[in-house]
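In what follows, a structure is listed as structure tokens, so that the remarks can point back to it.
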Amino acid sequence: VTGVLTDLDEAGASRGLESLRAEVRRRESVLAAAGIRDIAEGAADLPRLVVVVDEFATLVSAPGELASLFVDLTARGRALGIHVVLGTQRATGVFRDALLANCLLRVALRTADAADSRLMIGDDSAIRIPAGARSAGTALVKRSGDDRPVPVRIAVAGDDLIAQVADRSTGAPARAPWLEPLPAVVPFPTLPAEGESRILVGL
């Protein structure tokens, strides 16, 4: 995890989301310089970036153009090595057609509303997943080429498995796509020295 954004820090979240836009532009320029169009071609040394959004409905209800940002990320992100995981408890009215058109893998847990099930996986089967502990982790998965959703059971990954996956990872080290915030107060002695012909007025 390279960074976490939360609605408890509105300024930080806004800066982080704006930085995602900048990261898209940066990656496009890296690929263009390498003469390729897709990170899968391997000529660009870019780590893959996974953007996970918990409760997407809350995010897109905030003022601004966040919905358009995620439409853009899902449309162009895969070629740039940016992958988006969007989660929400209610899908109807949240996921627009332009966004869903580029969400090629969909996972539905038990839903209370048939409309949510139909929107995500194309039929009502998610409302028929039994409730209770015996069904914990049960979900339905639909990929772009599937005629119908496929039932799966999602297991909890243990520390050993996570360590094995981390050991197999290769490529450039991951970094947050945004810079740390500037300090609220900068003591004068810590400012970089400037020549006589210039005056430092801020960071």
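Look at region 123-157 and say how many of its residues are among the small types (G, A, S) and either in contact with a Lys or Arg (Cβ under 7 Å, 6 or more places away or on another chain) or under 14 Å from A108 (Cβ atoms) (or both).
First, the residues of region 123-157 that are among the small types (G, A, S): 125-126, 131-133, 135-137, 139, 144-145, 155, 157.
Next, from what is left, pick out any that are either in contact with a Lys or Arg (Cβ under 7 Å, 6 or more places away or on another chain) or under 14 Å from A108 (Cβ atoms) (or both): 125-126, 131, 135, 137, 139.
Residues that pass the stated criteria total 6.
Scanning for something without any contact (Cβ under 8 Å) to a residue 24 or more places away in the chain, open to solvent by less than 30 Å² (accessible area, probe 1.4 Å) and either closer than 30 Å to I39 by Cα or assigned to a loop (DSSP other than H, G, I, E, B) (or both), does region 102-116 turn up at least one residue? For region 102-116, residues without any contact (Cβ under 8 Å) to a residue 24 or more places away in the chain, open to solvent by less than 30 Å² (accessible area, probe 1.4 Å) and either closer than 30 Å to I39 by Cα or assigned to a loop (DSSP other than H, G, I, E, B) (or both): present. Return yes when S135 is open to solvent by 50 Å² or more (accessible area, probe 1.4 Å), among the polar types (S, T, N, Q) and out of contact with any helix residue (DSSP H, G or I) (no Cβ under 7 Å at 6 or more places or on another chain) and no when it is not. In short, no. Confirm whether R15 is charged (D, E, K, R), at negative phi, surrounded by 14 or more Cβ atoms within 10 Å (Cβ to Cβ) and under 18 Å from the mean Cα position of the chain (by Cα). Spelling it out, R15 is indeed charged (D, E, K, R), at negative phi, surrounded by 14 or more Cβ atoms within 10 Å (Cβ to Cβ) and under 18 Å from the mean Cα position of the chain (by Cα). Here region 117-132 is the region considered, the condition is being among the hydrophobic types (A, V, I, L, M, F, W, C) and not in a loop (DSSP other than H, G, I, E, B), and the residue that is surrounded by the most Cβ atoms within 10 Å (Cβ to Cβ) is A126. The set of residues in region 5-30 being out of contact with any helix residue (DSSP H, G or I) (no Cβ under 7 Å at 6 or more places or on another chain) and more than 11 Å from P177 (Cα to Cα) consists of L8, D9, E10, A11, G12, A13, S14, R25, S29, V30. Of the residues G122, G87, G81, the single one that is in contact with a strand residue (DSSP E or B) (Cβ under 9 Å, 6 or more places away or on another chain) and in contact (Cβ under 8 Å) with a residue 40 or more places away in the chain is G81.
Among the residues of region 151-170, the one identified as in contact with a Leu (Cβ under 8 Å, 6 or more places away or on another chain) and either more than 27 Å from G81 (Cβ to Cβ) or open to solvent by 60 Å² or more (accessible area, probe 1.4 Å) (or both) is P151. The set of residues in region 47-65 that are modelled with pLDDT of 85 or more and in a loop (DSSP other than H, G, I, E, B) comprises P47, R48, D54, E55.
Any residue at all in region 67-89 that is out of contact with any Cys (no Cβ under 7 Å at 6 or more places or on another chain), assigned to a loop (DSSP other than H, G, I, E, B), open to solvent by 50 Å² or more (accessible area, probe 1.4 Å) and at pLDDT 85 or above? Yes - at least one qualifying residue is present in region 67-89. Would you call R21 within 16 Å of the chain's Cα centre (by Cα) and in a helix (DSSP H, G or I)? So R21 fits the description; yes. Scanning region 41-58 for residues that are open to solvent by 70 Å² or more (accessible area, probe 1.4 Å), farther than 14 Å from V84 by Cβ and in contact (Cβ under 8 Å) with a residue 12 or more places away in the chain yields D45, T58. If the condition is being touching a strand residue (DSSP E or B) at 6+ places or on another chain (Cβ under 8 Å) and over 14 Å from A13 (Cα atoms), then region 37-55 contributes R48, L49, V50.
The values are calculated or read from the model by the stated rules, or taken from the named source; none is laboratory data. Everything quoted here is computed from the prediction, not taken from an experiment. For neighbour counting, all protein chains shown are included, and Cβ atoms are generated from backbone atoms with ideal geometry for every residue, glycine included. Note: accessible area is taken over every heavy atom of the protein model, side chains too, but ligands, DNA and RNA are not part of it. Shrake-Rupley method; radii C 1.70, N 1.55, O 1.52, S 1.80 Å.
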